[in-house]
1. Which of the residues that make up the range 120-136 are open to solvent by 50 Å² or more (accessible area, probe 1.4 Å) and either farther than 30 Å from Asn70 by Cβ or free of Cβ contacts under 8 Å to residues at least 24 places away in the same chain (or both)?
2. Is there a residue being within 30 Å of Val145 (Cβ to Cβ), in a helix (DSSP H, G or I), out of contact with any Leu (no Cβ under 6 Å at 6 or more places or on another chain) and open to solvent by less than 50 Å² (accessible area, probe 1.4 Å) anywhere in the range 68-82?
3. State all residues of the range 35-89 that are touching a strand residue (DSSP E or B) at 6+ places or on another chain (Cβ under 6 Å) and among the polar types (S, T, N, Q); if no residue qualifies, say none.
4. Condition (residue is in a helix (DSSP H, G or I), out of contact with any Leu (no Cβ under 7 Å at 6 or more places or on another chain) and within 30 Å of Gly131 (Cα to Cα)) applied to the range 36-57: is it met by at least one residue?
5. Which ones in the range 37-50 are open to solvent by 70 Å² or more (accessible area, probe 1.4 Å) and modelled with pLDDT of 75 or more?
6. I'd like to verify a number: residues in the range 51-67 that are open to solvent by less than 60 Å² (accessible area, probe 1.4 Å) and in contact with a helix residue (DSSP H, G or I) (Cβ under 9 Å, 6 or more places away or on another chain), how many?
7. Restricting the search to the range 145-179, which residues are touching a Phe, Trp or Tyr at 6+ places or on another chain (Cβ under 7 Å), open to solvent by 50 Å² or more (accessible area, probe 1.4 Å) and assigned to a loop (DSSP other than H, G, I, E, B)?
8. Go through the residues of the range 92-104 one by one and say whether even a single one is modelled with pLDDT of 90 or more, surrounded by 14 or more Cβ atoms within 10 Å (Cβ to Cβ) and not hydrophobic (A, V, I, L, M, F, W, C).
Amino acid sequence: MTTTMISSLTLWNVARISMSRTEFMIGAVTQEVASGRHYDVGLALGIDTARTVDARLIIEDMDAIASMNNVASQRISTMQSSIGAMVDLARSLFAEATQAGQAGSDRALFIESARSKLATVTSLLSATSNGTYVFSGLASLSPPVTDYISDPPSVAQAGVIAAFTSEFSIAPDNPAVVAI
């Protein structure tokens with residue numbers, strides 16, 4: 001019969017290593033409970049780790065797509081409500097123009113109403129969603145149109161005045177315009 005000597009250092013190290021391993025496991029389990037995920041996915045799942053990582057990436061991609069779809073949905077909703085309001089304004093302006101063409105109507109009242117509706121359309125075209133202009137196309141950080149009726153005249157208004165003057169040889173604010 002043989003006996004093997006176990007040193008007291010070995011007995012002391014076993015307890016120390018066991019204590020260190022227990023402390024590490026307490027930290028790992030605490031982190032798993034707090035995050036709801038394995039501390040070391042590779043250790044827990046082994047060969048299935050790649051599948052888990054791929055699934056997480058796919059979930060993150062789907063979340064990003066859903067977020068972008070929400071932004072697009074908000075933009076489309078803003079556009080639809082603005083377009084609906086512009087259609088209502090156009091119908092109202094058409095009805096007013098029809099009445100203004102009849103004898104005895106107050107054209108000055110119609111002109112003032114048309115200016116007001118133009119300002120409203122400009123405002124509707126400058127609608128924003130999440131800080132960007134929805135009708136600006138790629139330049140979504142700048143407004144799509146400027147106020148047509150402004151002092152000094154806007155570029156668009158100056159172009160219309162020039163075209164009118166070129167076509168009829170009189171300025172649009174000339175009293176002789178009624179004869180056209």
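1. Ser123, Gly131, Tyr133
2. yes
3. Gln74, Thr78
4. Among the residues of the range 36-57, at least one is in a helix (DSSP H, G or I), out of contact with any Leu (no Cβ under 7 Å at 6 or more places or on another chain) and within 30 Å of Gly131 (Cα to Cα), which makes the answer yes.
5. Across the range 37-50, the qualifying residues are Arg37, His38, Tyr39, Asp40.
6. Within the range 51-67, residues that are open to solvent by less than 60 Å² (accessible area, probe 1.4 Å) and in contact with a helix residue (DSSP H, G or I) (Cβ under 9 Å, 6 or more places away or on another chain) number 1.
7. Pro172
8. yes
The values are calculated or read from the model by the stated rules, or taken from the named source; none is laboratory data. What you are looking at is a predicted structure, and each value in this text was computed from that prediction instead of being measured. With ideal geometry, Cβ positions are generated from the backbone for all residues, glycine too; neighbour counts draw on all protein chains shown. The protein model used for the area step is the full one, side chains on, heavy atoms only, and it has no ligands, DNA or RNA in it. Shrake-Rupley method; radii C 1.70, N 1.55, O 1.52, S 1.80 Å.
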